Amino acid sequence: MDFGKKLLEFRAKYSLSQKQTSEIVGVSYEMISQYENGKYKPTARNKIIFENKMKEWEENKNARSLEKKS
């Protein structure tokens, strides 16, 4: 799947703004927009870093949700 599409799906799933997403992955919100619009693609190394950060964020969010239910 295209990385820009992954970002859009990630943001939609958690109702995140581009700014919030940029804080999670560590780039500017302008860069998030450019990735989503297909203007730029991250390097293979950065793509792995971004995907790991998104996965970590999801795991932490899910863990916090479970704690609230307990």
- Of all helices (runs of 4 or more DSSP H) completely enclosed by segment 13-70, which ones contain at least 3 residues that are open to solvent by 100 Å² or more (accessible area, probe 1.4 Å)? 44-69
- Report whether or not L8 is in contact (Cβ under 8 Å) with a residue 12 or more places away in the chain, part of a helix (DSSP H, G or I) and among the aliphatic types (A, V, I, L, M). yes
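The values are calculated or read from the model by the stated rules, or taken from the named source; none is laboratory data. No experiment lies behind these values; they were computed from the predicted model shown. Heads up, the Cβs are rebuilt from the backbone with ideal geometry, glycines too, and the neighbour counts pull from every protein chain shown. Keep in mind that these areas ignore ligands, DNA and RNA; they rest on the heavy atoms of the full protein, side chains included. Shrake-Rupley method; radii C 1.70, N 1.55, O 1.52, S 1.80 Å.
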